[in-house]
Amino acid sequence: MDAHTPGVAVVTGAGTGLGAAITHALLDGGYRVALAGRRADTLQNTAAGNPNALVVPADVSDPESVRQLFGRVVSMWGRIDVLVNNAGTFGPSGGVDEISVEDWNATVAVNLTGAFLCAAEAVRIMKAQRPSGGRIINNGSISAQTPRPGSVAYAATKHAITGLTKSISLDGRPFGIACGQIDIGNAATNMTGGIATGARQADGSVRPEPTFDARHAADAVRYMAGLPLDTNVQFLTITATTMPFIGRG
């Protein structure tokens, strides 16, 4: 699709937080959007009856559920132009010697394997559809660059998303498939509500951190999605201006 023709998008983790904000931004931009997530009720709330919204409850960590998700979208709209890999979980809090293997595996399953499974299905479809090509946008998080204390599972998966982004970007070149990543720091959502009241710092203290309106991150995703396929935002970092990110640690 060209920059002036919004197409079909899939947003994972679309029921709440950034996923909901991204979904609204894409719908407002004229996209037909498939909303994926585990809870049908929150997806329906986000869709709010929009005729261009398709609610598909799915578990991104389950290969069969992911296949069914993408099958539904292609059956409904015939193609996929944009995948926003947004589903994620913060995972356990603690050092590498303090968290359980079960919690580690659960975090990897959603944050990393889920993004891999969705990207794999999207790429297969994007290669085969006519016109071919498409775009994948991965939600990396600030933790793809710099971890917070006690977040080893989350930080490791988000660092791995950067490798996934680079590999898809490289391997997608011959097929007109672009892949980029947005790293978001302190967008105000229900999931990040605690940051504004107190977040653990590298020196062991707990201090409130500034946040910013999540719609600005959603608008950035819509900008990335709307570019022609000969142009790609490889990495975009958007943060609250005064959050302790640059120089922290």
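With respect to the conditions (1) surrounded by fewer than 21 Cβ atoms within 10 Å (Cβ to Cβ); (2) of a type outside the set (A, V, I, L, M, F, W, C); (3) part of a strand (DSSP E or B), ASP183 falls short on a single one, namely (1). When LEU117, LEU170 are checked against the criterion of being without any contact (Cβ under 8 Å) to a residue 12 or more places away in the chain and part of a helix (DSSP H, G or I), a single residue qualifies: LEU170.
When LEU112 is tested against (1) over 19 Å from LEU227 (Cα atoms); (2) buried (at least 17 other Cβ atoms within 10 Å of the Cβ); (3) more than 14 Å from the chain's Cα centre (by Cα); (4) hydrophobic (A, V, I, L, M, F, W, C), exactly one condition is not met: (3). When the residues of the stretch 157-180 are filtered to those that are more than 24 Å from ILE22 (Cα to Cα) and hydrophobic (A, V, I, L, M, F, W, C), the one that is surrounded by the most Cβ atoms within 10 Å (Cβ to Cβ) is PHE175.
Quick grid of which residues meet (1) among the basic types (Lys, Arg); (2) over 24 Å from ILE22 (Cα atoms); (3) buried (at least 21 other Cβ atoms within 10 Å of the Cβ); (4) touching a Leu at 6+ places or on another chain (Cβ under 8 Å):
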{"residue": "ALA58", "(1), (2), (3), (4)": "no, no, yes, yes"}
{"residue": "SER75", "(1), (2), (3), (4)": "no, no, no, no"}
{"residue": "GLY94", "(1), (2), (3), (4)": "no, yes, no, no"}
{"residue": "ASN105", "(1), (2), (3), (4)": "no, yes, no, no"}
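Counting the residues of the stretch 140-167 that are within 18 Å of LEU236 (Cα to Cα) and not in a helix (DSSP H, G or I) gives 5. Scan the stretch 1-24 residue by residue and report those that are surrounded by fewer than 23 Cβ atoms within 10 Å (Cβ to Cβ) and assigned to a helix (DSSP H, G or I). Scanning the stretch 1-24 gives GLY17, HIS24.
Within the stretch 232-248, track down each residue that is assigned to a loop (DSSP other than H, G, I, E, B), over 17 Å from ALA188 (Cβ atoms) and touching a residue at least 60 places away in the same chain (Cβ under 8 Å). ASN232, GLN234, ARG248, listed by residue number. Inclusion of ARG79 among residues that are farther than 19 Å from GLY15 by Cα, modelled with pLDDT of 95 or more and not in a strand (DSSP E or B) is warranted.
The values are calculated or read from the model by the stated rules, or taken from the named source; none is laboratory data. Quick caveat: nothing in here was measured; it's all calculated off a predicted structure. Please note: Cβ atoms are built from the backbone with ideal geometry, for glycine as well, and neighbour counts cover all protein chains shown.
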